[in-house]
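Engineer: So that we are looking at the same thing, I have put the structure below in structure tokens.
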Amino acid sequence: MTLIKSISGIRGTIGGDIGNSLTPNDVVSFTAAYAVWIKSKNLSNTVIIGRDSRVSGKMISNLVCSTLQLSGIDVIDIGLSTTPTVEISVLENNYSGGIIITASHNPGNWNALKLLNSSGEFISASDGHEILKIASNKTFDYVDVSLLGKYKLDENFNDFHIDKILDLDLVNKEAIKKAKLNIVIDAVNSTGGFMIPKLLEKLGVSYHKLYCEPNGIFPHNPEPLAENLSEISTQVINNGSHLGLVVDPDVDRLAIVCEDGSMFGEEYTLVSVADYILSKKKGSTVSNLSSTRALKDITEKYGCNYFPSAVGEVNVVECMKINNAVIGGEGNGGVILPDLHYGRDALVGIALFLSLYAEKGLKASVLRDSYPKYYMTKNKVELDDENKIQNVFDYLLLEYDYAHINKIDGVKFDFETGWVHVRRSNTEPIIRIYSEFNNKADLEKFSKEFITKINAF
């Protein structure tokens, strides 16, 4: 059993011992601490709640809603929804915060509480530490019955989110409709199973459903990686579809399958959307240090500036705001469009990608091959002593002092043909090693070198 408490929320496996897995006691304590934090902000005192389709979702939602009410917080429960839907709903309605009940790409026996501030964005590190402290010290109490928060179920926010996307000038609805697209959808039996069809129908796109029943029974590993997507690849080919769309359970990550069944590549979801955005409006772009260099290449092709951020959506968003980025996100298929809201949003990613696809008139595989080609590996090395991690960083800095160095999150070594990003895990004594190069020989060379040198410790 697993329970992870972090500055962004609490997540874990369902069942087991208190403090060692996600039990009712843990959910209540953490929610009550969040309620104390919300009330300290003196805002509207209303929190919006949404969830993905996990079997445990309704149970956890009931605990969260009741705890907030007992804390004197009004609750608007939007039911089955998506992470970006909750985010945009908080922002557009001036609510004091939001809680999304989802474990994102984790398996079905996991669940989590993701916490939002009044801007509909993930809470900051300092706010997260404050909530963790409140939960640890149990410095919260509950109100008298006369002061209980109100509860309202309102399932109209999903359509509100779709309409906000369709209202964007950047979404070329006419071109998409004229393209007469036929698409396969794999929503891993979660909320993308009804949200993506809602969007596609309004865009005039035909679709074939694969695992779109929001029953929480994930038919395969829910992380939208190539090794988990063999079935949709086959379906795209067999149906003669233009492409396939894949999302994770809470619909903030988008993967695309080409017409020949090959992967467009999660890293290239953001690259292609950025290509489209920059062709319409000039501005800077942002992605985290572990994302593909191709975004920098595309950005500079348009004469614009690219900026890297530390890993984590909250860090990407902060960097985007500082640099007035017109598009940003992460290489895991996460697209952030400030014109809509500051959060990864697979639904707006779909609308923008289809706009690009319809305007270009190219097959998905041809479009993918038009972008700079890089090869990436993701590895990790376990250390028996976390104190050694800084020594490893210091050693690597000496060994590769000829590289361009970025130390905002671990150490990233930029070389002529690629890069290696070495950073510590936030939860265990592990060093993560991400490498990307424009040729397989350099990728293999540098990946092996770094792993060997780190293992020497």
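Engineer: Mind computing the radius of gyration and Dmax over the alpha-carbon atoms of segment 3-155? Å is fine for both.
Structural biologist: Just the Cα atoms of segment 3-155 yield Rg and Dmax of 13.8, 41 Å.
Engineer: In debye, nearest 20, what is the charge dipole magnitude of segment 161-369 about its Cα centre with +1 on Lys and Arg Cβ and -1 on Asp and Glu Cβ, if you could check?
Structural biologist: That gives a dipole near 720 debye.
Engineer: So if I place +1 on the C-beta of Lys and Arg and -1 on the C-beta of Asp and Glu, and nothing else carries charge, what would the dipole magnitude of the chain be about its Cα centre? I want it in debye, nearest 20.
Structural biologist: In total the dipole reaches around 460 debye.
Engineer: Lys/Arg Cβ at +1, Asp/Glu Cβ at -1, dipole of segment 1-127 taken about the Cα centre: which of T23, A35, A112 is farthest positive-ward?
Structural biologist: Positive-end residue among those listed: T23.
Engineer: Net charge near L80, counting Lys/Arg +1 and Asp/Glu -1 over other residues with Cβ under 14 Å of its Cβ?
Structural biologist: Overall, the nearby charge balance is -3.
Engineer: Something else about it: Where the centre of each part is set by its Cα atoms, how far does segment 32-77 sit from segment 439-455, in angstrom?
Structural biologist: Comparing the Cα centres of segment 32-77 and segment 439-455, I get a distance of 47 Å.
Engineer: Grab the Cα-Cα distance for K388 and D141, subtract it from 0.36 nm times how many residues apart they are, and report the gain in nm with one decimal. Numbers along the way, then the final one.
Structural biologist: Numbers: separation 247, 0.36 × 247 = 88.92 nm, distance 4.19 nm.
Contour length minus the Cα-Cα distance gives 84.7 nm.
Engineer: What number, rounded to the nearest 500 deg cm²/dmol, is the helix-based mean residue ellipticity at 222 nm of the chain, given -39500 (n - 2.57) per DSSP H run of at least four residues and division by all its residues?
Structural biologist: Rounded to the nearest 500, it is -12000 deg cm²/dmol.
Engineer: OK, next. Quick one: length gained pulling S370 to A441 fully straight, 0.36 nm per residue minus the C-alpha distance?
Structural biologist: 23.4 nm
Engineer: Hey, another quick one. Cα-Cα pairs above 43 Å in the chain: how many percent?
Structural biologist: Counting every Cα pair in the chain, those more than 43 Å apart make up 13 percent.
All of the numbers you see were taken from the coordinates with simple rules; none came from a lab. What you are looking at is a predicted structure, and each value in this text was computed from that prediction instead of being measured. Note: ideal-geometry Cβ built from the backbone for every residue, glycine included; neighbour counts use all protein chains shown.
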